[in-house]
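Here's the structure, in structure tokens; my notes come after.
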Amino acid sequence: MDLSLPTEGLQAYKSASQRARISSESWGASNLYCPCCESNRLAQLPGNTPAVDYRCPQCETGFQLKCSTKPFGRRLLDGAYSKMRYAILHNGTPHFFLLSYELDSMRVQNLLCIPDFAITESALEKRNPLASTARRAGWVGCNILLDRIPSDARISIVKENYPTPPSDVRRA
């Protein structure tokens, strides 16, 4: 597993969050593997696919990648509330990858996998609708409340700059 996030072409983006999204999604397409089966790669899905960023080509499990330069806190900012609630209620919740990286070196520091069964409706928090002046006025997002996720459901894939062997991840 290469822990360096790609930086080529990022200068074309003005927003730091756009650069982070492009870089982390590209890194994921090249480095993420399925923790649920023996597949050594995940297929990246088209942008704006509801609730899922990657899918395993073997077992068809869905995954969503979240990244940050800071440690993840109590809340994880997510997408549309209605889409995630629907996914939870209809057994379509993705597994989550939580990637933290060092901005100066653009290197992965930590990567956790939270299995789909740990994301329940009680861990979902509805956010206030966007203001009428917003480009997407009325849109309602959600947060995943990480403090409602059991610590046993946080599987380390990279810990403090060191990858965990895939066999250990899959066993966990």
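The values are calculated or read from the model by the stated rules, or taken from the named source; none is laboratory data. Since the structure is predicted, the reported quantities are computational estimates derived from the model, not experimental observations. Backbone-built Cβ (ideal geometry, glycine too); neighbour counts: all protein chains shown. Heads up: the accessible areas ignore ligands, DNA and RNA and are worked out on the full protein's heavy atoms, side chains in. Shrake-Rupley method; radii C 1.70, N 1.55, O 1.52, S 1.80 Å.
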Does Ala16 qualify as being open to solvent by less than 60 Å² (accessible area, probe 1.4 Å) and either in contact with a His (Cβ under 9 Å, 6 or more places away or on another chain) or among the small types (Gly, Ala, Ser) (or both)? no
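Quick grid of which residues meet (1) surrounded by fewer than 21 Cβ atoms within 10 Å (Cβ to Cβ); (2) more than 24 Å from Ser23 (Cα to Cα); (3) touching a residue at least 40 places away in the same chain (Cβ under 8 Å); (4) of a type in the set (Val, Ile, Thr):
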| position | (1), (2), (3), (4) |
| --- | --- |
| Lys70 | yes, no, no, no |
| Asp78 | yes, no, yes, no |
| Arg85 | yes, yes, yes, no |
| His95 | no, no, yes, no |
| Asn110 | yes, no, yes, no |
Listing of strands (runs of 3 or more DSSP E) fully contained in the range 17-130 that carry 3 or more residues being under 24 Å from Ser4 (Cβ atoms): 62-68, 95-102, 107-114
Which of the residues belonging to the range 147-162 are closer than 22 Å to Glu125 by Cβ and either of a type in the set (S, T, N, Q) or within 16 Å of the chain's Cα centre (by Cα) (or both)? Ile149, Ser151, Ala153, Arg154
In the range 2-13, anything surrounded by fewer than 16 Cβ atoms within 10 Å (Cβ to Cβ), at pLDDT below 90 and of a type outside the set (Phe, Trp, Tyr) is listed as Thr7, Glu8, Gly9, Gln11, Ala12
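Listed here are the residues, each with its yes/no results for (1) under 23 Å from Glu60 (Cβ atoms); (2) not hydroxyl-bearing (Ser, Thr, Tyr).
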residue: Lys83; (1), (2): yes, yes
residue: Tyr86; (1), (2): yes, no
residue: Leu89; (1), (2): yes, yes
residue: Thr93; (1), (2): yes, no
residue: Phe97; (1), (2): yes, yes
residue: Asp104; (1), (2): no, yes
residue: Val108; (1), (2): no, yes
residue: Ala118; (1), (2): yes, yes
residue: Glu125; (1), (2): no, yes
Hits in the range 39-71 (condition: out of contact with any Lys or Arg (no Cβ under 8 Å at 6 or more places or on another chain) and farther than 20 Å from Ile119 by Cα): Ser39, Asn40, Arg41, Gln44, Pro46, Gly47, Asn48, Gln58, Thr69, Lys70
Val140 vs (1) open to solvent by less than 40 Å² (accessible area, probe 1.4 Å); (2) farther than 19 Å from Phe63 by Cα; (3) without any contact (Cβ under 8 Å) to a residue 60 or more places away in the chain: all pass except (3)
Tell me, which residue of the range 143-160 that is in a helix (DSSP H, G or I) and out of contact with any strand residue (DSSP E or B) (no Cβ under 8 Å at 6 or more places or on another chain) is surrounded by the most Cβ atoms within 10 Å (Cβ to Cβ)? Arg148
Considering every residue within the range 47-60, establish whether at least one is among the polar types (S, T, N, Q), open to solvent by 60 Å² or more (accessible area, probe 1.4 Å) and more than 16 Å from Gln109 (Cα to Cα). yes
